Amino acid sequence: MRLLLGFFLLFSLSFLANGQSEIRGKVVDRLSQVPLEFASVAVYKTQDSLLVEGSITDPKGEFLIENVSPGTYFLKVSFIGYRTYSSPAFSLVKNEKRDFGALALNPDQLELEGVEVQGQKITSDFKLDKQSYSAENFEVAQGGSATDVLKNLPGMSVNGEGQISIRGTSGFVVMLNGKPVQGDPMLILGQLPANGIEKVEWISSPSARYDSEGKAGMINITTKKGITDGLYLQVNSRLGFPSVENYDNASTPRRYGADFNLNYLKGKWDFSLGASYQRNDLSGRRVGDVYTISGDTTTYFPSEGERSTDEINYSGRFTLGFNPDPSNSFSLGFYAGVRDKVRTADILYYDNHAEVNGQRLYTLQYFNANEQNRRGDFVLGSLDYAHVFANSAKLSTSFLYEYTMLGGPTINRNLGYPDMTQVYQDEYNTNDNPLNGWRVNLDYTFKPLSVGQLILGYQYRNLDHRGDFYYERKNNETGQFELVPEFSSKVDLKHLIHSAYFQLDKKLKKLSYGAGLRLETMDRDFNLQDRAGTLDTLYIYDYIRPFASANLGYQLKEGVQLKANFSQRVERTTTFKMNPFPEREHSETLEQGDPELLPEFINLVEVGVVKNWKDNSFYATGYHSRVKNLVNRVNTVYNDTILNRIYSNVGTGKSTGVDLGTELYPANWWKFFAGFNTYYYSIQGSFDDRPVNTFSWVYSFNLTSSFEVSPTVSIQASFNYLSKRVTAQGEDGRFYNPNLSVKKSWLDNRLTASLLWQNIDMGLLKSNEQRITTYRDGEFYTTTNYIYEVDVIVLNLSYSLNSSKNRSRFVKSEFGEKEF
């Protein structure tokens, strides 16, 4: 570590100024001291007010104007909704580097209330380092969760289980207002209401200053808040209509909820508060067919039955910001929530039988009553401080704590059929998986240098993820549940991570570049114990590894930018994927992990172009990713009627493809948003001493079309499609969903109502269903079609107070990580 710090010191002292004259500074809101992005800064001669040069501020509010000749000048700084600022005259001599520091603009309250915007509102922003999307772009997601917003974005897709993937990869980092989520990202996304989201940013190839975690990059979600003095309040409610389709489920699904977002800003203080409660049940069915082969005996057990979910989510969050002066800022954040999800799989195995040479040995019918309750509780707390020095250098610190509790029981009962009073087997397994995570960050941004902006940083992470797994089986003679030791265990997974990094970025008139290196040391201890007290084993894995990144951008001409990026990342393991003791999921399946599972290491290269013209935008990115130690869920035969699902390193996964996205305005009443991704995917390696060599083309697309019928009525239609995709032992079938939304507003857009028609099917399509198939020659074959509820009708109502003051600041992500 001392060698690394010495290298950083040598690196930072090696830069020499090149003598060019330049003007730099930062533009902020005078009341909140929030940086203003896209503010215009112009340099004029005092003699004849002739425009000499100009610039636009970046996301930090900073600007840089180079190659200015000696003379006497003044600055003009302007931004919509603010009064234009004119600086006093100043003289610039040869080779001078003039830093104006923070230039504060006063909000123009009259302009804010009276301005009428002409043209279209841009809701997406395709840049060299990230892609940003306004959540209001997707009315079909309103009333839902963050997951419903993400699945409409270019490059992103969702499968039948509701899992989000980016360019075919499910491992990604989630941040909330720039703060990382260390627990299950899908847990957070499922509980964050879509109504509370202002913007979503996707960074596909993060730089070294970001954490190394995440195969598919990072997603930062910015929640709604204001930047002008006053109160902003939004209240939303949601009510689902009765189900259209009948799936013969035991209970009727219920769908309703409410949430609110409040922001109050006054002078140096900024306070935000939000809460949400959502009930979102879904009906469905499952149709499966399985057979296993053992010697000359083949066992068949086809099945059909209920596959439904009852889900309740509720959460609360607040942030408190204090900016005593332009040089100091404090921020305190808190977010907590609970998810309670019950999956019911009551399945009839209607023709369980074994055959030898086509002759039946037996025939059995039985009913499997299976209920899996998964509960997730989490608490996130963060404290941040930043100080800007007189020379524009900046010191920032961040502390984050997270507690997450995942777990819940699974009840599995095999009963006779049609006489279900006969109990063949009654089993109960549960687990508690608490996660305690701490994270401390220290960053120092040097004063601007001629060759670029240099940042040095250090990060400490400590994660302790425990797991208590109990498996009990009822003794039919005594009526008591008894512990099954071979399925019960206790595990403790600890990660201790130190990271140090440097990042250098430079932006010129047409050229921008960045390069960074992150050196990470990780110590992983996995302690495994059985409940019989006969096993106590410690598995140790550690590494010292560099993670490099680089990016290059070039302004080819006005509105056209070229980009090239490279990054190295890692995806770590979880207790569930490392626990070798089987867990009973349902009648035909056990799941277990591998205590020596290796992390996945990822290299990503991408090149692309970004085009903006008038109100339209387009991007195209070609990419190639390589995942070493790829983790897949693979199957073996546990016995003649049970498959064992195992998480294993199966080899190397490669993806080569192209990602396209666009926002178009064919007419002033019509907006079209689209994303398309296609790639060639291959897996090469081995499992269980047998080769794995699979490949296929995969594609997905998301289409959203919005029509403004009148100033107060709009219609939006969307279509999300994911093609079939190979896995290590089979394939996942295609999955798609059409949706429709009609929105009406009153009271100058303060009150809105939207009617959503989700998963459109009408008995004509096969929406919201997916077939999963796995097989191994000579051992087993299984295929299951998951059929989820279609034609769901939901009504959303929303009321906003002082919506004109919700001129939300878009927080730029500084750090990112995800654990487990």
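The values are calculated or read from the model by the stated rules, or taken from the named source; none is laboratory data. Because the structure is a prediction, the values reported are computed rather than measured. All Cβ positions, even for glycine, are placed from backbone atoms using ideal geometry, and neighbour counts span all protein chains on display.
Things worth noting here:
- Within region 557-570, considering residues that are of a type outside the set (S, T, N, Q) and touching a residue at least 40 places away in the same chain (Cβ under 8 Å), the one nearest to Ser489 (Cα to Cα): Val570
This table checks each residue for (1) farther than 26 Å from Asn635 by Cα; (2) in the same structural domain as Val149 (by TED's automatic domain parsing); (3) crowded, with 21+ Cβ neighbours inside 10 Å.
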| site | (1), (2), (3) |
| --- | --- |
| Phe673 | yes, yes, yes |
| Phe687 | no, yes, no |
| Ser706 | yes, yes, yes |
| Thr712 | yes, yes, no |
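- Some residue of region 264-279 being polar (S, T, N, Q), farther than 24 Å from Glu402 by Cβ and assigned to a strand (DSSP E or B): no
- In the set (1) surrounded by fewer than 21 Cβ atoms within 10 Å (Cβ to Cβ); (2) in contact with a helix residue (DSSP H, G or I) (Cβ under 9 Å, 6 or more places away or on another chain), the condition left unmet by Ser276 is number (1).
- Summed over region 750-780, residues that are surrounded by 19 or more Cβ atoms within 10 Å (Cβ to Cβ) and over 26 Å from Ser283 (Cα atoms) total 3.
- Test: Tyr543 is in a strand (DSSP E or B), buried (at least 16 other Cβ atoms within 10 Å of the Cβ) and hydroxyl-bearing (Ser, Thr, Tyr): no
- Residue that is modelled with the highest pLDDT [pool: residues in region 792-820 that are surrounded by fewer than 18 Cβ atoms within 10 Å (Cβ to Cβ) and charged (D, E, K, R)]: Arg807
- Pairs are defined by a Cβ separation below 9 Å, a sequence spacing of at least 6 or placement on different chains, a first member in region 526-549 that is of a type in the set (Val, Ile, Thr), and a second member that is in a loop (DSSP other than H, G, I, E, B) and surrounded by 11 or more Cβ atoms within 10 Å (Cβ to Cβ); the pairs so defined are Thr537/Pro595.
- Restricting region 503-562 to residues that are of a type in the set (Asp, Glu) and closer than 23 Å to Gly54 by Cβ, the residue that is farthest from the chain's Cα centre (by Cα): Glu558
- Residue match in region 516-525 (condition: modelled with pLDDT under 95 and surrounded by fewer than 20 Cβ atoms within 10 Å (Cβ to Cβ)): no
- Which listed residue is without any contact (Cβ under 8 Å) to a residue 24 or more places away in the chain and assigned to a strand (DSSP E or B), from Glu477, Glu472, Glu520, Glu482: Glu482
- Within region 680-691, one or more residues are among the aliphatic types (A, V, I, L, M) and either more than 27 Å from Tyr133 (Cα to Cα) or at pLDDT 95 or above (or both).
- Residue ID - modelled with the lowest pLDDT, chosen from residues in region 446-462 that are over 26 Å from the mean Cα position of the chain (by Cα) and polar (S, T, N, Q): Ser450
- Of all residues in region 52-75, those satisfying the criterion of being part of a loop (DSSP other than H, G, I, E, B) and within 10 Å of Leu92 (Cβ to Cβ) are Val68, Ser69, Pro70.
- Of all residue pairs spaced 6 or more apart or on separate chains, none has beta-carbon atoms under 7 Å together with a first member in region 721-749 that is assigned by TED's automatic domain parsing to the domain that holds Gly685 and surrounded by fewer than 17 Cβ atoms within 10 Å (Cβ to Cβ) and a second member that is among the aromatic types (Phe, Trp, Tyr) and not in a strand (DSSP E or B).
- Any hit, region 743-758, residues being on the phi > 0 side of the Ramachandran plot, of a type outside the set (Asp, Glu) and at pLDDT below 95: yes
- Yes/no for Phe301 being surrounded by fewer than 16 Cβ atoms within 10 Å (Cβ to Cβ), of a type in the set (Phe, Trp, Tyr) and out of contact with any Cys (no Cβ under 8 Å at 6 or more places or on another chain): no
- Check on Tyr679, within 27 Å of Glu571 (Cα to Cα), in a strand (DSSP E or B) and aromatic (Phe, Trp, Tyr): yes
- The condition of being touching a Pro at 6+ places or on another chain (Cβ under 9 Å), crowded, with 16+ Cβ neighbours inside 10 Å and within 30 Å of Gln459 (Cβ to Cβ) does not hold for Arg531.
- For region 304-333, the set of residues classified as within 25 Å of Ser237 (Cα to Cα) and surrounded by fewer than 17 Cβ atoms within 10 Å (Cβ to Cβ) consists of Gly316, Phe318, listed by residue number.
- Against the numbered list (1) at pLDDT below 85; (2) at negative phi; (3) not acidic (Asp, Glu), Pro88 comes up short only at (1).
- Subset of region 398-444 that is modelled with pLDDT of 90 or more and of a type in the set (Gly, Ala, Ser) - its residue that is nearest to Gly376 (Cα to Cα): Gly437
- The sole residue among Ser207, Ser212, Ser237, Ser251 that is surrounded by fewer than 24 Cβ atoms within 10 Å (Cβ to Cβ) and closer than 30 Å to Phe566 by Cβ is Ser207.
- Selection from region 595-627 of residues that are among the charged types (D, E, K, R) and surrounded by fewer than 17 Cβ atoms within 10 Å (Cβ to Cβ): Glu596, Lys611, Lys614, Asp615, Arg626
- Condition check for Glu558: in contact with a Ser or Thr (Cβ under 8 Å, 6 or more places away or on another chain), surrounded by fewer than 21 Cβ atoms within 10 Å (Cβ to Cβ), at pLDDT below 90 and assigned by TED's automatic domain parsing to the domain that holds Leu415: no
- Any hit, region 286-293, residues being surrounded by fewer than 20 Cβ atoms within 10 Å (Cβ to Cβ) and in a loop (DSSP other than H, G, I, E, B): no
- Considering region 404-447, the residues that are in contact with a Leu (Cβ under 7 Å, 6 or more places away or on another chain) and assigned to a loop (DSSP other than H, G, I, E, B) include one that is surrounded by the most Cβ atoms within 10 Å (Cβ to Cβ), namely Phe446.
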